[in-house]
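Below: the structure, in structure tokens.
The values are calculated or read from the model by the stated rules, or taken from the named source; none is laboratory data. For clarity, every value in this text was computed on a predicted model and none was experimentally measured. We place every Cβ from the backbone using ideal geometry, glycine too, and count neighbours over all the protein chains shown. Keep in mind that these areas ignore ligands, DNA and RNA; they rest on the heavy atoms of the full protein, side chains included. Shrake-Rupley method; radii C 1.70, N 1.55, O 1.52, S 1.80 Å.
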Amino acid sequence: MANINITTKGGDRGTTSLGNGTRIDKDDRRVELYGTLDECQAALGIARAAGASPRTAEDIFFLEDYLFSAMAYFAECDFPEPDPNILENISARVSQSIKEGSIFVRPGDSSCGAALHLARTIARRAERVATPLFREKLITDKSYAFLNRLSDVIYLISLKVDEEEREKKS
């Protein structure tokens, strides 16, 4: 049986360690940023578990995996900077596959789509959390653009999922 101990007691005084070993307050904006991305990743997991076509499930899984690396980057671990072009490529492919679209939607056509909309709103919050870090030059233009593209790609995937759900019901 595995003996997994995650308790370090290092955070008992309201601080946490970044990947580079620096101790910072748990309410630091950087911790808030990668914590919000963690929430987004969890919502993406709910979406994937709620069911989607195999290709859409692959896209969602890719985003979950890529968010892990992005969180590590923002936590100042030795991970590459997240690349907004990767999200733009997914967005372009998904956008081309959507037959009909609407700019404004009401979440709830499918469980997966609703979970994706939750993930999208969490991604938008991550971007808002990052804005002061960006203004103060604590994160780069490229990593901030990644955060901006994240909600876009999730939105497009949600449109695709809901379209697939409507087609099933027809």
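Among the residues of segment 113-147, those that are of a type in the set (S, T, N, Q) and surrounded by fewer than 18 Cβ atoms within 10 Å (Cβ to Cβ) comprise THR121, THR131, THR140. If you go through segment 148-160 and keep only what is of a type outside the set (S, T, N, Q) and open to solvent by 10 Å² or more (accessible area, probe 1.4 Å), you end up with ARG149, ASP152, TYR155, LEU156, LEU159, LYS160. Might you let me know whether segment 140-161 holds any residue that is in contact with a His (Cβ under 7 Å, 6 or more places away or on another chain), of a type in the set (S, T, N, Q) and in a helix (DSSP H, G or I)? Checking segment 140-161: at least one residue is in contact with a His (Cβ under 7 Å, 6 or more places away or on another chain), of a type in the set (S, T, N, Q) and in a helix (DSSP H, G or I).
When every residue of segment 8-25 is checked against the conditions, none turns out to be part of a loop (DSSP other than H, G, I, E, B), of a type in the set (D, E, K, R) and modelled with pLDDT of 90 or more. Checked across segment 75-87, the condition of being outside any helix (DSSP H, G or I), closer than 14 Å to VAL153 by Cα and acidic (Asp, Glu) holds for at least one residue.
Only a single item in (1) open to solvent by less than 30 Å² (accessible area, probe 1.4 Å); (2) without any contact (Cβ under 8 Å) to a residue 24 or more places away in the chain; (3) of a type in the set (D, E, K, R) is not met by LYS168, and it is number (1). Could you please let me know if LEU63 is more than 18 Å from the chain's Cα centre (by Cα), within 25 Å of ARG29 (Cβ to Cβ) and of a type in the set (A, V, I, L, M, F, W, C)? Against the criterion (more than 18 Å from the chain's Cα centre (by Cα), within 25 Å of ARG29 (Cβ to Cβ) and of a type in the set (A, V, I, L, M, F, W, C)), LEU63 does not qualify. Being under 22 Å from THR131 (Cβ atoms) and β-branched (Val, Ile, Thr) is the filter; apply it to segment 23-50 and report the residue that is surrounded by the fewest Cβ atoms within 10 Å (Cβ to Cβ). The residue in question is ILE24. Only one entry of ASP65, ASP83 meets the criterion of being without any contact (Cβ under 8 Å) to a residue 60 or more places away in the chain, of a type in the set (Asp, Glu), open to solvent by 20 Å² or more (accessible area, probe 1.4 Å) and out of contact with any strand residue (DSSP E or B) (no Cβ under 9 Å at 6 or more places or on another chain), and that entry is ASP65. Failed condition for ALA72, given (1) farther than 19 Å from VAL153 by Cβ; (2) touching a residue at least 12 places away in the same chain (Cβ under 8 Å); (3) not in a helix (DSSP H, G or I), with all others met? So ALA72 meets the others, but not (3). Taking segment 51-61 as the range and being open to solvent by less than 50 Å² (accessible area, probe 1.4 Å) and not β-branched (Val, Ile, Thr) as the test, the residues that pass are GLY51, ALA52, SER53, ALA57, ASP59.
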